[in-house]
1. Given the options A:His256, B:Ser165, A:Gly37, identify the residue whose Cα lies farthest towards the positive end of the charge dipole of the protein assembly as shown (+1 on Cβ of Lys, Arg; -1 on Cβ of Asp, Glu).
2. With θ taken as phi - 60° and the coefficients 6.51, -1.76 and 1.60, list the Karplus ³J(HN,Hα) couplings across region A:385-400 in order, rounded to whole Hz; mark glycine and proline as x.
3. Considering all projection directions equally, how large on average is the shadow of the alpha-carbon convex hull of chain A, in square nanometres?
4. Can you list residues from other chains, or at least 5 along the same chain, whose modelled amide H is less than 5 Å from the amide H of B:Asp119?
5. Once a ≥ b ≥ c are taken as the square roots of the eigenvalues of the Cα gyration tensor of chain B, is the result rounded (a/c under 1.5), prolate (a/b larger than b/c) or oblate (a/b not larger than b/c)?
6. Note down the magnitude of the dipole of region B:49-179 about its Cα centre, charges +1 on Lys and Arg C-beta and -1 on Asp and Glu C-beta and zero elsewhere, to the nearest 20 debye.
7. So what is the relative contact order for chain A, in percent, with contacts set as C-alpha pairs under 8 Å and at least six apart?
8. Could you list B:Lys15, B:Lys122 so that the one with the fewest beta carbons within 10 Å of its beta carbon is first and the one with the most is last?
Amino acid sequence: MSAVAERLTGGQRVALHYFAAAVVLFAAQTFFGIIAGLQFVTPELFYGVLDFSVNRMVHINAMVVWLLYGFIGSVYWLIEDEAGTELVGLKLARLNFWVLTAAVTVVVLVYLLVQVGAGTRLSIWLINEGREYIEAPRWADIGIVVCMLVFFYNVAATFMKGRWSGISGVLVLDLVGLAGIYLAGMFFTPNVSLDQHWWWWVIHLWVEATWEVLVGCIMAWGLMKTLGTSRRIVTTWLYIEVAMMLGSGILGLGHHYFWIGTPEYWLGIGGFFSALEPIPLVAMVVHAVYDSGRHGFKSTNHPALAWFIAHAFGNFFGAGVWGFMQTLPQINLYTHGTQWTSSHGHLAFFGAYVTINVAMIYMALQKWRGDVWMSGDLPDRGFKWKWSLALTNLGMLGMTVALLIAGYQQSFLERAVGGSTWGAFFAAQLDPWFVQAMVWRNVFGMVFTLGVMLLIWDFVTIGRGERRPMRAAAQSA
Amino acid sequence: MDSIPWWASEGAWKKIAIWVTGVMLAVLIFLTFDTVNQITAGSERVPHYSAINHRVYYRLDRARGYQVPVLGDEAPLFGRMLSADEAEALVTLGKLTVQAKNCMNCHTLLGNGAYFAPDLTKSWLDPAWVSEDVREELMLEFLKDPATNARTFGSGRRMPHLGLSDEEARAVVAFLKWMATIDTNGFPADFPAIRQVGDR
Ligand code: HEM
Ligand code: HEM
Ligand SMILES: [Fe+2]
């Protein structure tokens with residue numbers, strides 16, 4: 001342990017905690033996803049014990065929380081390197097981790113054991129808020145905000161003590177937005193239009209603005225480390241990305257304001273600006289692939305680089321292409337709230353955010369093992385990382401395509417032909433195309449799960465007993 | 001650094017990023033004020049909660065080219081006219097119940113939520129409730145004991161028992177009726193509403 005302590009900075013040791021908890025939650029997310037998926041085809045499964053609503057809530061909440069854990073871990077991982085100084089509040093960071101993790105544990109236990117409450121404010125404060133993605137009860141909301149403030153203090157103060165860079169400047173400003181936006185989701189109103197209006201501020205301005213910029217910062221740092229790309233290039237790219245991402249993503253918020261009671265002008269504004277959102281995502285693919293190619297794919301960490309590249313493509317396809325497909329109001333009128341949405345949600349979250357967190361975990365594991373070799377010629381030909389990469393990506397792609405087929409059919413039968421009545425909903429759910437698609441979603445869900453198991457096995461074992469030192473990062477202008 | 005044209009320079013892009021973000025944020029904030037105004041309960045798009053005292057239709061608006069909610073004669077919910085405050089209190093209880101029972105993780109509201117069960121946006125107007133005369137009673141029975149009263153349309157998917165009290169069930173019906181009065185720009189499209197007195 002002491003050898004590890006010498007190798008890693010304080011922040012990096014905290015980061016390992018976050019990464020470990022993230023992986024546990026990722027496993028939980030996958031598990032509850034599988035149950036929810038099975039309930040589509042066998043509705044009696046766990047009926048009245050662990051209903052679909054509970055499984056789904058745990059599934060998506062575990063996702064949001066573990067991705068945030070991954071981001072926090074990633075920032076703690078790179079901060080001392082980037083700031084050129086030690087973390088300001090190491091003890092605070094450790095305490096923060098345990099408080100947050102205890103809170104998350106309690107929230108999940110209440111979700112699973114209490115599940116629902118009476119129609120009172122108390123239920124919303126203590127059990128669950130009943131609003132997709134931000135179900136966490138109000139007490140936990142407040143706890144999360146406090147923990148984010150502590151985290152923010154640590155990050156900002158560390159850069160202030162050390163040195164600033166383009167990356168850290170963007171990062172700190174972005175964290176202000178990320179934490180601030182969460183406040184928009186913390187109130188009750190009987191007015192469902194107003195409710196959803198602010199709810200989308202949290203969801204959309206997270207995943208299509210502040211999270212994108214945050215992973216842009218991580219990616220910039222990651223490319224410098226794995227490939228040795230020059231700081232000037234990654235910083236310039238980061239600014240370009242911020243300009244394009246926020247230039248389109250902020251008003252792109254309007255693509256959620258078509259049908260919730262909000263005014264008609266959002267049909268035009270939302271449609272137009274969100275249609276531009278794929279542009280920065282294409283730019284990122286070009287950037288990552290160009291840089292990798294320029295360095296002949298000679299990286300210090302093959303698994304990490306592979307997942308960084310998966311991130312660039314996944315972000316482009318999941319968010320850019322799958323999002324664009326349904327973002328024009330003329331189309332969204334029929335696809336809104338169907339499996340089409342679910343198809344996009346899965347590929348986007350996986351492609352954009354799971355991938356980059358996995359990459360960062362590989363970066364961390366390499367250093368934790370003692371800056372060991374992680375390029376080509378790994379033991380057993382690196383089958384674990386290669387197969388887990390293949391199986392998770394294949395599984396996700398398979399699920400996405402199955403859901404797209406289900407969504408296509410649902411848009412047609414339920415929305416266009418049936419006029420979205422209850423009868424039309426069930427007619428669509430019973431259509432053979434839909435049922436088959438749901439079966440295939442489960443098959444590919446299993447493939448995905450196999451990939452996750454292999455991935456976790458690889459996390460535990462990679463680099464163990466490796467004697468060769470890490471390949472030196474290429475130097476470039 | 002001389003060889004780098006201005007359009008590829010770090011400094012230029014930093015300025016562009018700041019300006020673009022600032023301008024977009026300013027526009028968003030401006031629009032947000034207007035939007036929040038337009039969706040405050042009691043506005044044209046989002047009627048006051050006392051709209052539950054009236055019949056609700058979903059009719060084609062020729063000028064706009066799609067269906068919009070239209071309020072009709074008085075048709076008090078459960079036969080009782082409510083004051084503005086009473087109506088608000090009832091819908092509030094309904095909304096609290098909808099959240100506490102986690103409806104949104106099976107259903108969609110205004111098209112947002114989960115896709116395991118039908119959209120609730122216009123559920124008040126759904127032809128599944130047979131006729132205007134029995135609708136309220138059927139809805140109450142269903143909400144209080146969905147496991148037994150589910151029709152599932154042959155899918156086998158039943159809503160679970162969520163322990164709604166009579167009062168909560170009535171409040172949820174009020175919330176659903178009120179939600180059907182919101183102007184959603186024509187979503188859902190071509191919705192064949194239940195037959196009601198005064199239909200054209
Ligand atoms: C990484 C970035 C993104 C993530 C993680 C993401 C995720 C999601 C998720 C989970 C939903 C469903 C929300 C719900 O449960 O109701 C959603 C909806 C939507 N997304 Fe994205 N998204 C991303 C980027 C984009 C982009 C770039 C576009 C457009 C080009 C887009 C267009 C849409 C649209 C139009 C909807 C609404 C679907 C509906 O009406 O049901 N998304 N997104
Ligand atoms: C074993 C693999 C998985 C299975 C079987 C699965 C299954 C499901 C199911 C059944 C739902 C509910 C959809 C509905 O309401 O109809 C769901 C929702 C969701 N899942 Fe998964 N999931 C899996 C993995 C993942 C992964 C890896 C991610 C992303 C990191 C993810 C992100 C989401 C999101 C964002 C939603 C909400 C979608 C929306 O509302 O549009 N899932 N999942
Ligand atoms: Fe969005």
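1. A:Gly37
2. For region A:385-400, the Karplus-derived couplings read 5, 5, 6, 5, 4, 5, 5, 5, 5, 5, x, 5, 4, x, 4, 4 Hz, x marking Gly and Pro.
3. 21.8
4. Those lying under 5 Å, H to H, from B:Asp119 are B:Thr108.
5. prolate
6. I would put it at about 580 debye.
7. About 14 percent, as a whole number.
8. B:Lys15, B:Lys122
Readers should treat all values here as calculations from the given coordinates under stated rules, not as data from a laboratory. This structure is a prediction, so every number in the text was calculated from the model and none was measured. So basically every Cβ, Gly included, is an ideal-geometry build from the backbone, and we count neighbours across all protein chains shown.
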